[in-house]
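Step one of this worksheet: look at the structure below.
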Amino acid sequence: MQSALILRACDQAIFPDTGARKVSNFETQLKLENGRRSLDRLVDPLRDLAGVQCELLGGFPSGPQRYSLPRFTVRGPNSSDPIRIGIFAAIHGDEPAGALAAAAFLSQIVQSPEVIENFLVHLYPICNPTGFEDNTRHSRRGKDLNREFCKSSVEPEIEILEHELRTQHFHGIIQLHADDTSDGLYGFVRGHTLTENLLRPALAEAGKILPRNVNATIDGFAARDGIIYSGYEGILAAPMQSDPPFEIVFETPHHAPMDLQVQALVVAVRTILSEYRRLISFAANI
Ligand SMILES: [Zn+2]
C-alpha cells in the first residue's frame, strides 16, 4: 500500500493536475504521529523500486533508537564511464520538499532511465533523519548540520556525508532546500565555472511552476536573477580538488504549496542534469 501511495504522489509530481488528492498524499507522507514524522513511510517504498540500490549508511544512536542515512544509487544507460552526481536533501529537517522531490525524481528515473543517460546518481533524500522526524531544522543534538562541514565535526551525519563526499568523486553536487524567508526560487553556485550555466536554465524551467526571487539581496547575500555567487561557511561541499565539481544549492519558497515545491525541485534537477550532459558533450566535440 505504501508503495502505491508514494508512486501516486510521484506521478502527480510528474504530471501536474489539480485537486486535493495530491495535496493529501503529501500530507499523508509527512503526517506527524506521536509528535514524529515517519522516515520509513518515505524510504521503504523506494527500496522496492527496480534497479535501485539502497544502502543505509552509518547507524548512530539517538536515545533508544538507531538512525542511518539512506543512499539510493541508480545507474543510467551508457554509463560505463559515468558522470557521478550526488543529490542531497533534507539536511534541514523542516524542509521536507527536498526529500519528497528526491523520492519523486527517483521514481521518475526508474520509469524513464534515459533521463540519467551517462549518469551514475547517488541520492541522499534524508541527510538529517532526526530533524526530519522532529520537523526541526536542527538535528536532535541541536546542530545545524549545514554549518558543520569542513570543521572536523564529530556529528555522525557529518562524518557519514563527508566520507561520501571524499570517496564518491562527484562531478556534480545538488542540494535541495526550502527558505521560509523567500517568496521565490533561487540558488547558490560554487565550484566548476560552468555551474551558473546550469542553474540559470534550471531556474527558468522551475520558474514556470513557482516564481523566481529576483531581489538584489537574498538571504543576506548579493544576488543576480536568483543566483548567489557566495555562501555560508560550513555547508555541505566537495573537498578541495584540482578539478572541482559543479555545486548548486537550490531553494524553493517554503511557504509555497508543497506539491509545487516538489515539482519545481524535480524540474530543476532534471534541467541541471540535461544541461550538464549537453555542455560537456559540446565541449568534448570542439
Ligand atoms: Zn535549508
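Assorted remarks:
- Residue in region 129-138 that is within 14 Å of the ligand (Cβ to nearest atom) and in contact (Cβ under 8 Å) with a residue 60 or more places away in the chain present: yes
- Residue ID - surrounded by the fewest Cβ atoms within 10 Å (Cβ to Cβ), chosen from residues in region 51-74 that are aliphatic (A, V, I, L, M) and assigned to a strand (DSSP E or B): Leu56
- Any chance Gly76 is small (Gly, Ala, Ser) and modelled with pLDDT of 95 or more: yes
- Of the residues making up region 181-196, those that are polar (S, T, N, Q) and within 14 Å of the ligand (Cβ to nearest atom) number 2.
- Looking only at region 22-50, and only at residues there that are surrounded by fewer than 14 Cβ atoms within 10 Å (Cβ to Cβ) and farther than 18 Å from Gly93 by Cα, the one that is modelled with the highest pLDDT: Ala50
- The residues of region 228-268 that are among the hydrophobic types (A, V, I, L, M, F, W, C), in a helix (DSSP H, G or I) and within 16 Å of the ligand (Cβ to nearest atom), listed by number, are Met258, Val262, Ala264, Leu265, Ala268.
- Cβ pairs under 6 Å, 6+ apart, first in region 161-185 and closer than 19 Å to Phe250 by Cβ, second within 16 Å of the ligand (Cβ to nearest atom) and of a type in the set (Asp, Glu): Ile173/Glu247; His177/Glu95; His177/Glu251; Ala178/Glu95; Asp179/Glu251
- Criterion applied to Ile116, Ile109, Ile87, Ile83 was being within 16 Å of the ligand (Cβ to nearest atom), modelled with pLDDT of 95 or more and in contact with a strand residue (DSSP E or B) (Cβ under 7 Å, 6 or more places away or on another chain), and the one residue passing it is Ile87.
- Here Leu145 passes the criteria (1) within 16 Å of the ligand (Cβ to nearest atom); (2) at positive phi except the one numbered (2).
- Residue count, region 148-180 (criterion: within 13 Å of the ligand (Cβ to nearest atom) and surrounded by fewer than 16 Cβ atoms within 10 Å (Cβ to Cβ)): 1
- Within region 186-208, considering residues that are in a loop (DSSP other than H, G, I, E, B) and without any contact (Cβ under 8 Å) to a residue 60 or more places away in the chain, the one nearest to Pro253 (Cα to Cα): Gly207
- Close pairs from region 238-261: first closer than 16 Å to Ser182 by Cβ, partner part of a loop (DSSP other than H, G, I, E, B) and away from the ligand (no atom under 12 Å from the Cβ), Cβ under 6 Å, at least 6 apart: Pro253/Asp183; Pro253/Gly184; Ala256/Leu210; Leu260/Ile209; Leu260/Leu210
The values are calculated or read from the model by the stated rules, or taken from the named source; none is laboratory data. If you're wondering where the values come from, they're calculated on a predicted model, not measured in any experiment. Counting neighbours? That spans all protein chains shown, and the Cβs are built from the backbone with ideal geometry, glycine included.
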